[in-house]
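Working notes, structure below.
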Amino acid sequence: NNNLPCSSASSSQTARSSTTIQPLEQTTPTIPPSTNNEITTPEPFKVNLLTLPLPELETLLQSWSYPAFRARQIHTKIFSQGVSSIDEMTDLPLKLRTTLKERATIGSLHLEIEQISTDGTKKRAYKLHDGQMIESVLMPYEDGRRTACISSQAGCAMGCVFCATGQMGFARQLTSEEIYEQVARFATELRGEGERLSNVVMMGMGEPLANYRNVIGAIRRMNTELGIGARKITVSTVGVVPNIKKLMKEDLQVRLALSLHCATDEERTALLPANRRYGGLDELMMTMREYITTKKMRVTFEWALIEGENDSPEVARSLGRLLKRHGIRPDMSHVNLIPLNPTGGFGGGPSGRGNVQRFVEVLEKEFGISATPRMRRGIDIDAGCGQLTTSVKKKEDALLLTPPENGALPMVGVYEDNEEGGEDDVVVEEVEMQDLSHGSVVDFSIDGGFVNLDDEEDADDFIDPTFEDEFELAEAERLLSLVKGITLTSEEGIENNSSPEMISQETKTKTTKITDEEAIRKAKRRRKKLLKQMKQIQKLKDMEADGKTLNQEQLDKVAKEKEWTIELESVEHNLM
């Protein structure tokens, strides 16, 4: 959740030296060639053997006319022996191996890049089926512990200003299988090396409690299928109060860590905008006390030390008084002090060693609260959550901005994303850019997904427009000013005599800070579209109930009801 090097709370272990950073694959992403008119056939769906439960695997193989014991063989190969290739399962019949290679895969996450730190920490960036990216980290310790730090969302809607993930904004929820697979991969690989995964921390990209159902489902599987004890699993949260209350009613003894970082509402809301949304510190701390009383488990308060902002002895006393005022027992709480990893979107830096030590002394000597500076792991690689993904995306963007070697200019076309997130077919005559001149005419036809201003729901977007980000809002204002004949004054202080090249460069290099309000507007817009789709599905179902025959396109839309219902629940949950 924080832009921090993934690690455990222990500071006593000494980082061991090994090799330097070793990318597993070429770090420069490969951009596929243009396929303007090329029609590609999508790859057939394959069963993910890494996330398929054993009973379902047995049923699947029996449907393929194989005995159930073959499923147990496959399961043992993957989860006990760490086999990562179907070809390595040589005790299976050749026919079955051929069938598995055609219809199944061991893992669905595509490893985009891996970095290995001198202390043995492994940081991975995975690309998902829809192009989104997430990160996972494996941290080895000299005492034998092997801890996985995993992601729960692609991006994050909490908007924490010091976090690389918060700065990139929210993309989507991870499924339970995508969360579980991150852990299963590390677990099976370690077993293949004669070791075992001992701990899991939900401290990667995203807010775990904002993806509650999928996170809890994945945790149960980690516990029952991978044998990781519930008390060895830690869920970190920025303070989603309603779901902390849900978690205290679960029959899971997982550990809870709260990303606190500030002791006053004003300071915490400035760093973590979600603080205000969930009722502020008083509501949050009362909920934490209730959690401790109900679960009878010690909780951890995470505190990212930022030099000159929240690392003084006076701030430490404010923290101690905050916990004491809300009746949180010192013996049932622990403060985990975390060195900050600087990011391009936040100007703060990590605290010095002296300030860290004085902070610890105030908490322990004046309030009896145990505090531990977190051991820094993977500091020589992009170990903070969101940092590796940001690095990869920057390289991809740089490649996309590089002009083609042959100097050919792009084709003219009109594209619009459809409701499902794909791209509609473009019905437009392709015209080379150099052939256009003033007054040129391009033939086109109107796509079926056009905006109908006579439709109240479509018109709402123009009466009360919702912009995806600040760039869209600024662009809309610029276009309106052109229509009205007004020249806007740049808020960035660009001189009127600045050249277009200078302005363009300024726009490219400017770091846009993703705020919580932007994420809320984006989620509201998506909710509106989903509600509209659900309304249309209901109309189609009513038509079918009246005896009307639906065409294939209508049937396909009705088939998406469950998928859209789950997404709608997720979006509404994040808007609580």
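The values are calculated or read from the model by the stated rules, or taken from the named source; none is laboratory data. As the structure is a computational prediction, the values presented were derived from the model and not from experiment. In this analysis, Cβ positions are derived from the backbone assuming ideal geometry, glycine residues included, and neighbour counts consider all displayed protein chains. Accessible surface is based on the protein model in full, side chains and every heavy atom, while ligands, DNA and RNA are left aside. Shrake-Rupley method; radii C 1.70, N 1.55, O 1.52, S 1.80 Å.
Structure notes:
- Accessible solvent surface per residue of the range 264-354, calculated while the other protein chains remain in place, 1.4 angstrom probe, Å²: 43 Å²
- Summarising the amide proton neighbourhood of G155: residues at separation of 5 or more, or on other chains, whose placed amide H is nearer than 5 Å comprise A171.
- Close amide-amide hydrogen proximity is noted between M203 and I150, each under 5 Å apart and 5 or more residues distant or on a separate chain (H modeled in the peptide plane; Pro and chain starts excluded).
- For T294, net neighbour charge (Lys/Arg +1, Asp/Glu -1) across residues whose Cβ lies under 10 Å away: +4
- Spin-label model distance (nm) - D546 vs E561, 7 Å beyond Cα toward Cβ: 1.7 nm
- For the range 85-205, the fraction of alpha-carbon pairs in successive 10 Å shells from zero, as %: 12, 37, 32, 16, 3, 0
- For the residue pairs K295/K528; K249/K529; K46/K245; K95/K127; K46/K529; K296/K324, alpha carbon separations beyond 28 Å are given by K295/K528; K249/K529; K46/K245; K95/K127; K46/K529.
- Applying 1/(1 + (r/R0)^6) with R0 = 25 Å to the Cβ-Cβ distance of S63 and E195 gives a FRET efficiency near 0.10.
- Peptide ranges 192-199, 136-143 listed from the most packed, as the mean C-beta count within 10 angstrom indicates: 136-143, 192-199
- In sequence order, calculated HN-Hα J values of the range 127-139 (Karplus, 6.51, -1.76, 1.60; Hz; x Gly/Pro): 9, 8, 4, 9, x, 5, 10, 9, 10, 9, 9, 10, 10
- Between E314 and S80, the C-beta separation translates, for a Förster distance of 56 Å, into a calculated FRET efficiency of about 0.55.
- Distance between the modelled labels on K528 and R103, one decimal in nanometres: 4.6 nm (7 Å Cα→Cβ projection).
- Distances between placed amide hydrogens fall under 5 Å for S370 paired with V335, all partners being 5 or more residues away or on another chain.
- Pairwise FRET efficiency - R145 versus K95, Cβ, R0 = 41 Å, nearest 0.05: 0.45
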